[in-house]
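The values are calculated or read from the model by the stated rules, or taken from the named source; none is laboratory data. Given the structure is predicted, the values throughout are model-derived calculations rather than measurements. Quick reminder, even Gly has a Cβ in these numbers, built from the backbone with ideal geometry, and neighbours come from all protein chains shown. These accessible areas exclude ligands, DNA and RNA; they are computed on the full protein's heavy atoms, side chains included. Shrake-Rupley method; radii C 1.70, N 1.55, O 1.52, S 1.80 Å.
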Amino acid sequence: MAHMFLSSTNRFSARFAFIFTVSLSCTYLCYSILFCRSTIMTNQGYEAKRCPPSKNAGGKKLLGKLDNCASLEVRSALGESAGQRGPSDLRDQSKAPASSGSHWADMKLRNMTVAQKYGNKKLPNALIVGVKKGGTRAVLEFIRIHPDVRALGTEPHFFDRNYDRGLDWYRGLMPRTLDSQITLEKTPSYFVTREAPRRISSMSHETKLIVVVRNPVTRAISDYTQTLSKKPDIPTFEELAFKNRSLGLVDSSWNAIRIGMYILHLENWLQYFRLSQMHFVSGERLITDPAGEMGRVQDFLGLKRIITDKHFYFNRTKGFPCLKKPESSSQPRCLGKSKGRTHVQIEQEVIEQLQEFYRPFNIKFYETVGQDFKWD
């Protein structure tokens, strides 16, 4: 009898132990699932809070190894769902073939939006350094429509007038750019500033330099016309251009004349930069063939040729090419009223005397840069 009682008790204990073990295991499993889900949600919440305020997320993060939330926001900004494209696609988007005129305008807008949010302010990779009244504003406005270029619209005059403010001040003026984009600024007076080449070289030995040149006689007349519009009481062009007109003695100390002696300024630049780092744009061809000139500028900057003849039309009133209107605008983009201004009338004899004066300077300039601008 006692044996039977002990046997029954052992079976009950074994069942109780089994049921207790199963219950404990289920409880642990449920707790583990709930805890894991809570941890995941917490981490996601942390990421959501951590990423948006980051104003220092630069081009490296966007184009290199993006964190999860940055990549989602970038793809959203580019009109994509998460996971459709990777960072390499973002880097190479400017190399896709154009399907329509609005395609590149949309891409430019998107790149600007992303750059403003994730880009960094960087020192410029390239500078339009000259020359005054050569067509520098046109080159700047034309190249700015490229999605891989971010340019400062105003002239900072850092390397000639504001150098004492320091590179940090200069960098602070620049637009935010991604690592795949070029930062650009223009100040035409750099080309004739003695200290500018050394100062730019100190910033970076690899800076690319764009020089827009024009027939020096036409350039001088344009320069004078601009000054006359601001100061109507200045002496005549002939009085300023010559020390003694009857003897044909040109006053090379007058800035409007001196700027056009391009070879003298170029020799100063070649002490600090290789000729291969400089690209010379023809101001005349910029008017007659803007797409061709801008194509060569894009090649020089290492950009895909996106700016083509489909972007331009010739404005007969201004006598200058304008950008066709984007779909987002009701007006085409032409340069300001100060561009394409009618020049003052100069006697043909004066023009011929100045052409003779510039001829030896022009020839040496042609030989140095390996390009005949046909100004004679």
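General observations
- Estimated distance in nm for a label pair at SER246 and LEU167, the labels positioned 7 Å out from Cα along Cα-to-Cβ: 5.7
- Inter-label distance for ASP309 and LEU123, nm, one decimal - labels placed 7 Å from Cα along Cα-to-Cβ: 4.1
- Taking all protein chains together and rolling a 1.4 Å probe, TYR163 ends up with roughly 80 Å² accessible.
- Those GluC sites (Glu not before Pro) in region 201-296 that DSSP places in a loop and that have at most 11 other beta carbons within 10 Å: GLU206
- Virtual spin-label span in nm between LYS318 and LYS364, 7 Å along Cα→Cβ: 3.6
- Förster radius 25 Å - calculated FRET efficiency between ARG285 and THR342 (Cβ-Cβ, nearest 0.05): 0.70
- 5 angstrom amide H check on ILE182, placed H, neighbours 5+ away: VAL149, ARG150
- Förster radius 35 Å - calculated FRET efficiency between HIS205 and ARG258 (Cβ-Cβ, nearest 0.05): 0.80
- Of LYS117/LYS324; LYS133/LYS186; LYS324/LYS374; LYS208/LYS310; LYS133/LYS318, those spanning more than 19 Å from alpha-carbon to alpha-carbon: LYS117/LYS324; LYS324/LYS374; LYS208/LYS310
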